[in-house]
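Colleague: I'd like to ask some things about the structure below.
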Amino acid sequence: CLHMVLNVVWAPVFFGLQRFRLALWMNIGLIGSLVGIIPIFYKVNPTAGLLLLPYLSWLIYATKLNQAICKLNPTNKGYNDAMLQADIAKLQKKAAI
């Protein structure tokens with residue numbers, strides 16, 4: 001259940017709120033919960049457990065990407081460069097009206 005909630009909430013946190021570090025911690029939580037889920041699935045059906053391994057690989061890759069984005073967008077008092085760019089775009093759009 002926790003894994004599903006983190007999975008559903010991750011995209012709005014990363015893309016909508018642009019809270020990259022929170023999203024990174026959520027990715028780490030996703031990896032941790034999946035590592036716990038895989039053996040449970042494997043006990044019920046080995047094929048089901050093995051089919052989760054590509055998903056685990058994807059999560060690790062996505063976490064590395066998220067980590068790189070965090071490095072490119074340093075946060076200062078909860079505000080990062082991506083948020084600044086989004087705010088500038090909103091102001092430009094308002095000014096054009």
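The values are calculated or read from the model by the stated rules, or taken from the named source; none is laboratory data. Computed from a predicted model, the values in this text were never measured in an experiment. Cβ: placed from backbone, ideal geometry, glycine included. Neighbour counts: every protein chain shown. Just so you know, the surface numbers come from the protein's heavy atoms only, side chains and all, with ligands and any DNA or RNA stripped out. Shrake-Rupley method; radii C 1.70, N 1.55, O 1.52, S 1.80 Å.
Colleague: For Val5 and Ala95, what is the calculated FRET efficiency with R₀ set at 35 Å and r taken between the beta-carbons, to the nearest 0.05?
Modeller: On the way: r = 39 Å, r/R0 = 1.12.
Efficiency, from the Cβ-Cβ distance: 0.35.
Colleague: With all protein chains present, how much of the accessible area of the chain (probe radius 1.4 Å) comes from carbon and sulfur, to the nearest whole percent? Kindly include the intermediate steps, with their values, before the conclusion.
Modeller: Numbers: 4980 of 6910 Å².
Percent of accessible area from carbon and sulfur atoms in the chain: 72.
Colleague: If you don't mind, another one. Could you order the peptides 24-36, 68-80 from most to least packed, using the average number of other C-beta atoms within 10 Å per residue?
Modeller: Numbers: 24-36: 16.9, 68-80: 12.3.
Ranked by mean Cβ neighbours within 10 Å, highest first: 24-36, 68-80.
Colleague: Related question: Mind listing the phi-derived Karplus ³J(HN,Hα) values for the stretch 73-90, rounded to whole Hz, using 6.51, -1.76 and 1.60 with θ = phi - 60°, and x for any glycine or proline?
Modeller: Going residue by residue, I get 10, x, 9, 10, 6, x, 10, 10, 4, 5, 5, 4, 4, 5, 5, 4, 4, 5 Hz, with x marking Gly and Pro.
Colleague: Any chance you could list P(r) for the chain, counting all Cα-Cα pairs in 10 angstrom bins from zero, rounded to whole %?
Modeller: With a bin width of 10 Å, the distribution comes to 15, 37, 25, 14, 7, 2, 0.
Colleague: Another question about this same structure. Work out from phi, with θ = phi - 60° and the Karplus expression 6.51 cos²θ - 1.76 cosθ + 1.60, the ³J(HN,Hα) of each residue of the stretch 54-67, listed in order in whole Hz, and give x for Gly and Pro.
Modeller: So the Karplus estimates, Gly and Pro as x, are x, 5, 4, 4, 4, 4, 5, 5, 4, 5, 5, 4, 4, 4 Hz.
Colleague: Where Lys and Arg each count +1 and Asp and Glu each count -1, what net charge lies around Leu24 among other residues with Cβ under 14 Å from its Cβ?
Modeller: Numbers: positive: Arg19, Arg21, Lys64, Lys71; negative: none.
Neighbour charge sum, excluding Leu24 itself: +4.
Colleague: Averaged per residue, what accessible surface does the stretch 13-97 expose to a 1.4 Å probe, in Å²?
Modeller: Details: 5990 Å² over 85 residues.
Here the per-residue accessible area is 70 Å².
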